[in-house]
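Take a look at this one; I'll ask things after.
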Amino acid sequence: MSIRGRIIGVIAGFAIFTVVVMVWAPTVGTTSISLAKAFDRSLPWDSNVDAQIFFVARLPRVLSGALVGATLAAAGVVLQALLRNPLATPFTLGVSAGASLGAMLAVTMNFGFGLLGVSAIPLASFAGSIIATGIVYALASSQRRGLSTNVLLLAGVTLNAFFSAMILFVQYIADFTEALRAIRWMMGGLDVAGYAPIVAALPFTIISLIAFAFMARTLNLLSAGSEAAAARGVEVVRAQRLAFLSASLATGAAVSLGGPIGFIGIIVPHLVRLLVGSDHRIVLPASALFGASFLVLCDLAARTLMAPLEIPVGVVTAMIGGPFFLWLLVRNS
Amino acid sequence: MRDLLWADNVSFRYAAGAPLVVDGVTVRLADGALAGILGPNGSGKTTLLRLLSGTRRPGSGRVLLDDRPLDQLSRRDAARQIAVVPQETELAFEYTAIEIVLMGRHPHLGVFTVEGPEDLRIARDAMTATGTNHLEDRPFHELSGGEKQRVVIAAALAQSATLLLLDEPTASLDLGYQLEISSLLSRLNQDHRVTMAISTHDLNLAASICRELILMRNGRVLAAGPTNEVLTPENITLLYDVEADVQINSETGHMTVVPIRRVELRQKTL
């Protein structure tokens, strides 16, 4: 089979799986509904309970799960290639810690502002992620030439620790209900209440995903190191900048929508690589698609396993992801 | 013969305040040349190759490719003419040998272009030339050192460049592979008219395939010229502080270097 044929075939396979999951997931829940009835336009909206549950309660949640899952998984792929480290995650470079601090401040200080139907918490968390990205970027490019991936990694890890301390401090001085709300946000959740937050996050994720598409083959070359990539015709510094900034933007948008949902950005790329190899022209789109379906399925488990009680989706992904991560470590060493 | 690549009095340091790693070096590579770069560890061989390939820019001086300043070319345009075989290739992810070789096609492809039948043919021809066809679908990280090196050389050949710069291509190989790689390089130079510069610690490899040599020490050129004029016991002593005997081997007809003993460091004239 030609290379093009293989790329298209594999992506089509993942796409079909994702579409099936996304159509099926909204029909499952404590109340079972029928797709046919939900889409039956002859019934008036007010009396069509199935349509209301489908379009108001479940579809936004599935869509936000798909968007967050796709974005985090793809950002994970890009950062792993950029740092040449298969154990990197979208949260390695401090973006999510910045976002969490922003959200934390919005909760405890009762920020009242909103923008285009988006409330203060996602706005503050997005701002936090941008600030964290800016700090890490400035540190890593402070040296005379290029972007140092070593400094990137160290600055990110340090910033993570620093922001975590700030988060603990704010939590400590906050009152009980505020602290609980903030902690709940940090567990991650896809109950986004309507379409407005999804629409607000969409432009940023689309821009990032387009940037990812442009750099797919370049990421293959970067995996042999920057010197080797440059010798094969890659403008390394430009590629590294684009990879870092777009992956950070994507992560910031995803976290502001769903909270810092862990492990998606590492489990999904690894599973995809095990299945289809390491060509980023396949790994990137396949991870985005599989990340979407994987998070939707995790969220499905989160809202049905202990119904009517809901488990935070971040807890579900971490309970799957933690052991998986350890298995990977053992397998790699 | 015209100069294909000309480094004109280039100097380079890795960071401001750091010592010069390459210090006023002038190198001319004629079209079709097969030049060896010799020198002790830390003499600036690898850095000189980076300057010649354009992945690093000299702090002063200039590098001309076909009479055009190399730093005026985009990386992509430069890579279409100059391919590099690094000392070691460490991959962050697992790729098959053919995927590695196809990466050599990168500078010839558009952003969204996928390698077509022509690219595959070029990649497979390069694998044939390096005797790695049977490894096509094997994971690169499972190959032996010699196989890896030959696959990486195939990737450089797939780049369809006229110039090939190799950084200690035989350093990690056993005797059999050393001979194999050196005859491969010699063949590529003669049959495919690939101009080459090879940095190496292996004096006998250099003596057997390189028609000219550049001797480097402390970032400077100690001597340069035809192999039989440059590879003298005196120069070897200046280069490595080693007393050596140089003879013509009756079997191969090549110069052979036999190191005898390390000499005490003494006042250098250079």
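Please report, in debye to the nearest 20, how large the charge dipole of the stretch A:3-332 is about its Cα centre when each Lys and Arg carries +1 at its beta carbon and each Asp and Glu carries -1 there. Display every interim value, and only then the final one.
Numbers: 19 positive and 11 negative charges, 208 e Å.
Roughly 1000 debye for the stretch A:3-332.
Rounded if a/c is under 1.5, else prolate if a/b is larger than b/c, else oblate: which is the stretch B:195-246, with a ≥ b ≥ c the root eigenvalues of its Cα gyration tensor?
Details: a/c = 1.61, a/b = 1.23, b/c = 1.31.
Oblate shape, in that a/c is at least 1.5 and b/c is the bigger or equal ratio.
With a ≥ b ≥ c the root eigenvalues of the C-alpha gyration tensor of the stretch A:3-332, is it rounded (a/c under 1.5), prolate (a/b larger than b/c) or oblate? Could you put the intermediate results ahead of the total?
On the way: a/c = 1.90, a/b = 1.25, b/c = 1.52.
Since a/c reaches 1.5 but b/c is at least a/b, the shape of the stretch A:3-332 is classed as oblate.
Could you rank the peptides B:91-98, A:305-312 by their average count of other C-beta atoms within 10 Å per residue, with the highest value first? Mind showing how you got there, number by number?
Values: B:91-98: 21.1, A:305-312: 12.4.
Descending packing order for the listed peptides: B:91-98, A:305-312.
For the stretch A:57-115, which trypsin sites (Lys or Arg not before Pro) pass both filters: DSSP loop (anything but H, G, I, E, B) and at most 16 other C-beta atoms within 10 Å? Kindly include the intermediate steps, with their values, before the conclusion.
On the way: sites: A:ARG58, A:ARG61, A:ARG84; in loops: A:ARG84.
Taking the stretch A:57-115 and a limit of 16 other Cβ atoms within 10 Å, no loop trypsin sites (Lys or Arg not before Pro) are found.
If every alpha-carbon in the stretch B:3-262 counts as one equal scatterer, what log10 I(q)/I(0) does Debye give at q = 0.12 1/Å?
Normalising to I(0) and taking log10 leaves -0.72.
Mind giving me the FRET efficiency for A:MET166 and B:ARG121? R0 is 51 Å, r the Cβ-Cβ distance, nearest 0.05 is fine. Write out the running numbers ahead of the final one.
Working: r = 58 Å, r/R0 = 1.14.
Efficiency, from the Cβ-Cβ distance: 0.30.
Return the distance in nm (one decimal) between the two label points of a simple spin-label model at B:ARG211 and A:ASN150, each offset 7 Å from Cα along Cα→Cβ.
The modelled label-to-label distance comes out at 4.2 nm.
Next up: In whole Hz and in residue order, list the ³J(HN,Hα) couplings for the stretch A:168-174 that follow from phi through the Karplus curve 6.51 cos²θ - 1.76 cosθ + 1.60, θ = phi - 60°; x for Gly and Pro.
4, 4, 4, 4, 5, 8, 6
A further question follows. Mind checking B:50-61 for the average number of partner chain beta-carbons within 10 Å of each residue's beta-carbon? The partial results should precede the final answer.
Numbers: counts 3, 0, 0, 3, 2, 9, 3, 1, 0, 0, 0, 0.
The mean count of partner-chain Cβ atoms within 10 Å per residue comes to 2.
Can I ask one more? Quantify how strongly other chains surround peptide B:104-112 by giving the mean number of their Cβ atoms within 10 Å of each of its Cβ atoms.
Details: counts 3, 3, 8, 4, 1, 2, 1, 6, 5.
Rounded to a whole number, the mean comes out at 4.
Sort the following peptides by mean Cβ neighbour count (other Cβ atoms within 10 Å, averaged over residues), highest first: B:207-215, A:253-261, A:166-174.
Numbers: B:207-215: 22.1, A:253-261: 29.3, A:166-174: 14.1.
Highest mean packing first, the order is A:253-261, B:207-215, A:166-174.
About the Cα centre of the stretch B:110-193, how large is the charge dipole given +1 on each Lys and Arg Cβ and -1 on each Asp and Glu Cβ? Please answer in debye to the nearest 20. Kindly include the intermediate steps, with their values, before the conclusion.
Values: 7 positive and 13 negative charges, 37 e Å.
With Lys and Arg at +1 and Asp and Glu at -1, about 180 debye.
Take B:HIS134, project a point 7 Å from its Cα along the Cβ direction, then tell me which residues of the stretch B:147-190 have their backbone nitrogen under 11 Å from it.
What the label zone holds, given the 11 Å backbone N cut-off, is no residue at all.
Dipole magnitude of the protein assembly as shown about its Cα centre, charges +1 at Lys/Arg Cβ and -1 at Asp/Glu Cβ only, in debye to the nearest 20?
Numbers: 46 positive and 45 negative charges, 205 e Å.
It works out to roughly 980 debye.
Considering only the protein assembly as shown, what is the antiparallel percent among its DSSP beta bridges, to the nearest 5? All intermediate terms of the calculation are to be shown ahead of the outcome.
Details: 28 of 46 bridges.
Taking every DSSP beta bridge within the protein assembly as shown, about 60 percent pair in antiparallel fashion.
Follow-up question, since we're still on this one. Just counting partner chain Cβ atoms within 10 Å, what average do the residues of peptide A:218-230 show around their Cβ? Don't skip to the answer; put the middle values down first.
Values: counts 2, 2, 8, 3, 1, 7, 12, 6, 1, 8, 11, 5, 9.
Per-residue shielding by partner chains comes out at 6.
Evaluate E = 1/(1 + (r/R0)^6) for A:VAL199 and A:LEU275, where r is the Cβ-Cβ distance and R0 equals 25 Å; express this FRET efficiency to the nearest 0.05. Before the final figure, lay out each step's value.
On the way: r = 32 Å, r/R0 = 1.29.
E between A:VAL199 and A:LEU275, to the nearest 0.05, is 0.20.
Wrap a convex hull around the Cα atoms of the stretch A:1-145, take a quarter of its surface area, and give that in square nanometres.
On the way: hull surface 59.7 nm².
Answer in nm², one decimal: 14.9.
If the viscosity is 1.002 mPa s and the temperature 20 °C, what translational diffusion coefficient in µm²/s does Stokes-Einstein give for the protein assembly as shown when Rh comes from Kirkwood over Cα pairs? Present the calculation step by step, with values, prior to reporting the outcome.
Details: Rh = 27.0 Å.
Rounded to a whole number, D works out at 80 µm²/s.
For Cα pairs less than 8 Å apart in space and 6+ apart in sequence, what is the mean separation divided by the residue count of the stretch B:3-262, i.e. the relative contact order in percent?
Numbers: 501 pairs, mean separation 62.3, N = 260.
The normalised contact order for the stretch B:3-262 reaches 24 percent.
Sticking with this structure for a sec: With each run of n ≥ 4 DSSP H residues scored as -39500 (n - 2.57), what mean residue ellipticity at 222 nm is computed for chain A after dividing by its residue count and rounding to the nearest 500 deg cm²/dmol? Before the final figure, lay out the partial values.
Numbers: 14 runs with 240 residues, N = 333.
That comes out to -24000 deg cm²/dmol.
A further question on this structure: Using only helices, what value at 222 nm comes out for chain B when you add -39,500 (n - 2.57) per DSSP H run of length 4 or more and divide by the total residues, to the nearest 500 deg cm²/dmol?
On the way: 9 runs with 86 residues, N = 270.
That comes out to -9000 deg cm²/dmol.
Please report the antiparallel percentage of the DSSP beta bridges confined to chain B, to the nearest 5. Present the calculation step by step, with values, prior to reporting the outcome.
Values: 27 of 45 bridges.
Antiparallel bridges: around 60 percent, rounded to the nearest 5.
In the stretch B:96-243, what percentage of the DSSP-assigned beta bridges are antiparallel, given to the nearest 5?
Values: 7 of 12 bridges.
Close to 60 percent.
Bear in mind that the values in this text are calculations on the coordinates, not laboratory data. All values reported here derive from a predicted model rather than from experimental measurement. As a convention, Cβ positions derive from the backbone with ideal geometry for all residues, glycine included, and neighbour counts pool all protein chains shown.
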